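Heads up, the thing below is written out as structure tokens.
Rule-based calculations on the coordinates, nothing more; no lab input. These numbers come from a predicted model, not from an experiment. Please note: Cβ atoms are built from the backbone with ideal geometry, for glycine as well, and neighbour counts cover all protein chains shown.
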Amino acid sequence: MAKNIYQIKNLRTRKFLGIYGFLWLVFITHNLISCFKSTILYVTEFENMGVRALVKTVGNIKGFVKRTSFGIKVNIPPLTKLAKLIADVLCNPRYIQLTFDISS
């Protein structure tokens, strides 16, 4: 049943809107992870990994978040090969900033 798959068997509400809202959060999170996997991890060995396995492996990486006056700084120490691979993927943007001169 779907109760076992999405871990809502022990959800503390029996109201339809509570379960409906929780499932929307589950689906949005799943879609965000799938989008992250297809756009950021498409050239790595994580490209063909499932969402559950990706969350279990990447979720074990320890990182440190520090708020500075310039913004938020995330530090992922390269202690393992997995942490180094994720840090390299996240640090190298694959986009090009386009500028348009509209002051003609």
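Numbers for the structure displayed
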{"read-out": "Scaled radius of gyration (Cα, divided by 2.2 N^0.38 Å) that region 41-104 gives", "value": "1.52"}
{"read-out": "Förster radius 41 Å - calculated FRET efficiency between Ser69 and Trp24 (Cβ-Cβ, nearest 0.05)", "value": "0.70"}
{"read-out": "Packing-based exposure ordering (other Cβ within 10 Å, fewest first) of Phe36, Phe100", "value": "Phe100, Phe36"}
